[in-house]
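Please read the structure below before turning to the comments.
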Amino acid sequence: MIAFYEWLQLTEAGLYCAPGDFHIDPSRPVNRAVITHGHSDHARYGHGAVLATPETVSIMKVRLGEDSAGLFQSLEYGLPLRHGQVTITLHPAGHILGSAQVELNYQGQRAVVSGDYKRTPDPTCKRFELVPCDLFVTEATFGLPVFRHGRDMDEIGRLLESRRSFPDRAHLVGCYGLGKCQRLIALLRQAGYDRPIYLHGALKSMTDLYTALGQQFGDLVLVSEAGRGLAGEIVLCPPSALKDRWSRRLADPVTAFASGWMRVRGRARQRGVELPLVISDHADWPQLIDTIAETGAEEIWVTHGREDALVYQLGRMGKRARALALLGREDEED
Ligand SMILES: [Zn+2]
Ligand SMILES: [Zn+2]
């Protein structure tokens with residue numbers, strides 16, 4: 001049997017599939033790239049050709065421009081595509097709209113590159129699909145045993161409770177513009193919240209794209225069209241706007257921030273966040289361990305975050321595990 005590193009290699013641009021001559025989520029422009037999802041540390045400008053789900057292609061075109069790659073090719077989930085001696089299949093990763101795990105079959109071996117993923121159901125994207133494999137390349141953004149995320153609906157409940165307690169204040173929720181913003185809106189609607197939800201202008205283009213792709217968000221209003229105050233209302237903005245002049249137009253806002261990092265008290269304090277909401281789009285520690293075990297993979301490569309603790313734990317579970325040092329991965333988007 002051929003060793004994995006003979007056909008999956010690490011180059012300066014990232015993970016490279018030699019028999020197919022393409023990179024996965026490369027950190028710099030390459031000839032051919034397979035892109036797992038639209039977040040900026042995975043989907044970059046300037047590749048010769050991009051293969052991704054139709055949703056990710058749309059997201060890249062809106063975020064980076066129609067001409068951000070020489071050629072875009074869409075591939076639906078679950079449809080095997082033969083490329084050279086490799087077969088590529090994309091499977092839902094449950095992370096954001098269009099996010100995919102990349103399954104590669106080569107000479108009887110099956111590798112799955114997870115990209116970012118979570119197992120928690122999310123009303124804005126397809127649920128993570130478990131793909132049995134020989135090699136699993138996993139993210140480890142929350143790869144420490146202290147990270148256990150809890151229920152997203154409990155966090156939404158805390159936001160709604162705070163709003164009832166402080167009817168004279170606006171509730172300003174910082175969230176990343178791709179994925180988290182749309183998930184928050186959908187969760188609020190699931191919780192029965194039917195008031196208009198107010199958006200900072202920077203959140204509009206991605207939310208419009210989700211709507212165009214079939215999401216139903218109810219009544220959304222731009223803050224710029226709503227005037228000042230907004231006491232008793234819920235307002236979403238990018239994290240950078242939480243403390244900026246822009247927020248002064250709101251009535252004594254309660255500042256909240258929705259992110260898996262809100263589990264870490266220091267981070268909330270640093271940002272001056274009054275109401276930290278632990279809502280994550282990444283697998284927490286138990287989800288990482290369970291998913292890796294369920295794939296049945298004997299070999300695990302760990303990327304994207306806190307590799308060491310996970311590599312150690314997998315060793316104790318009898319797996320061959322190693323850390324892949326990929327450059328250019330930040331935890332910006334959670
Ligand atoms: Zn991501
Ligand atoms: Zn990422």
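Listing for the model above:
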| read-out | value |
| --- | --- |
| 5 angstrom amide H check on GLN73, placed H, neighbours 5+ away | VAL50, LEU51, ALA52 |
| Within a Gaussian network of the chain (alpha carbon springs, distance under 10 Å), most fluctuating of MET206, MET262, MET153 | MET153 |
| Distance cut-off 14 Å, percentage of C-alpha pairs in the range 52-115 lying past it | 59 percent |
| Ratio Rg/Rh [Cα only; Rh per Kirkwood] for the range 5-92 | 0.94 |
| Distance-filtered residues of the range 80-124 - backbone nitrogen under 13 Å, label point 7 angstrom along ASN31 Cα→Cβ | 84 |
| Volume of the Cα convex hull of the range 129-178, divided per residue and given in Å³ | 153 Å³ |
| For the range 65-82, 3J(HN,Hα) per residue [Karplus equation, 6.51 cos²θ - 1.76 cosθ + 1.60, θ = phi - 60°, Hz, x = Gly/Pro] | x, 4, 9, 6, 9, x, 8, 10, 10, 8, 9, 5, 4, x, 9, x, 10, 7 |
| Under the Karplus curve 6.51 cos²θ - 1.76 cosθ + 1.60, θ = phi - 60°, whole-Hz ³J(HN,Hα) for the range 22-37, x wherever Gly or Pro sits | 9, 9, 10, 6, x, 8, 9, x, 9, 5, 10, 10, 9, 10, 6, 6 |
| Cα-based shape type of the range 203-334, given that a ≥ b ≥ c are square roots of the gyration tensor eigenvalues and the cut on a/c is 1.5 | prolate |
| Under the span-like rule (Cα at least 27 Å along the axis, Kyte-Doolittle mean at least 1.6), DSSP H helices of the chain | none |
| Net charge, ALA111 excluded, C-beta distance under 11 Å - Lys, Arg +1, Asp, Glu -1 | -2 |
| The range 79-135 pair-distance distribution - Cα-Cα, 5 Å bins, rounded % | 5, 22, 27, 21, 14, 8, 3, 1 |
| Selected from PRO123, PRO19, PRO239 as most flexible by GNM, with the chain as the system and alpha-carbon contacts under 10 Å | PRO19 |
| Overall Cα dimensions of the range 144-278 - principal axes, largest extent first, Å | 43, 34, 26 |
| Built amide H within the under 5 Å cut-off of ASP281, gap 5+ | GLY260 |
| Surface/4 estimate of mean projected area, convex hull on alpha-carbon atoms of the chain, nm² | 16.3 nm² |
| Amide H within-cut-off set for LEU324, under 5 Å, with H built and near neighbours excluded | VAL302, THR303 |
| Unsatisfied cross-links (Cα-Cα over 19 Å) in the set LYS61/LYS126; LYS126/LYS180; LYS61/LYS204; LYS180/LYS204 | LYS61/LYS126 |
| Share of alpha-carbon pairs per 5 Å distance bin for the range 106-197, given as whole % | 2, 10, 16, 20, 16, 12, 9, 7, 4, 3, 2, 1, 0 |
| Within a Gaussian network of the chain (alpha carbon springs, distance under 10 Å), most fluctuating of GLY38, GLY315, GLY98 | GLY315 |
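Laboratory data are not the source of any read-out in this text; all were calculated from the coordinates shown. Computed from a predicted model, the values in this text were never measured in an experiment. Backbone-built Cβ (ideal geometry, glycine too); neighbour counts: all protein chains shown.
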